[in-house]
Amino acid sequence: MDDKEAQALKGVVCSIQVGLPQEILAKPDEDLPNWRTGFVKTPVAGPVWLGKLNLAGDGQADLQNHGGADKAVLGYAALHYAQWQVDLHMQLPYGAFGENFTFDGLSEDTVCIGDVYQIGDAVLQVSQPRGPCWKISRRWGIPDLLARVQNTGRTGWYFRVLQEGGVQAGDVVYPLSRVHPDLSISVVSGVVNAKQPDLAMIKKLADCEELAQGWRDKAAKRL
């Protein structure tokens, strides 16, 4: 990647959020049990350590479906928040979608599988699209919010951590390499979830070493 291309693909960390699993009591009007989740994230002021599996002070309640090396941290585009405010008639804070990093300049259309970025002292690689779960709807009391996130493609994406290090809000997100410019997060989600998938693209995803194994398995099943 030359300097001109890298400059065009740069972003900025608007905010960093962390949260440990906690028990949340059901609301009086909810016919639901209490729930335990790490979805609720709050902003971090100043530097925070990014390890191989998570940020310091962050964690997941459901380790079967969340967390692990290929889903160490979740990224989300800051630009989506303005549209959500229009769609939902409410202003949501950064971290509202459970993300660890809220980015300016990056989105599902511009971030590709295998992209490697330096953020502060850490080096991260894009590993997969985020497959949103029911907790998005319950967190905000909006029953169809999960469906809206999926249908709009404003899902976010996961990183694996190649090099641990300190990160903080305001850090430049500097792209170091790109190996699959045709495999943006939006494209990968669309291909895997399409009713009539492009089999050539599905095979490419199944064979893509930079794509998280879970998504490679999804692609292989579609074949």
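Quick rundown of the values:
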read-out	value
Dipole magnitude (debye, nearest 20) for the chain, charges at Cβ of Lys, Arg, Asp, Glu	520 debye
Cross-link partners of K195 among lysines (Cα-Cα below 23 Å; sequence separation of 8 or more within a chain)	K203, K204, K218, K221
Euclidean distance of C-alpha centroids, the stretch 123-161 and the stretch 30-57, integer Å	15 Å
Semi-axis lengths, Å, the chain, gyration tensor of Cα atoms, sqrt of 5 times eigenvalues	26, 22, 17
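Laboratory data are not the source of any read-out in this text; all were calculated from the coordinates shown. Being a predicted model, the structure only gives us computed values, none of them experimental. All Cβ positions, even for glycine, are placed from backbone atoms using ideal geometry, and neighbour counts span all protein chains on display.
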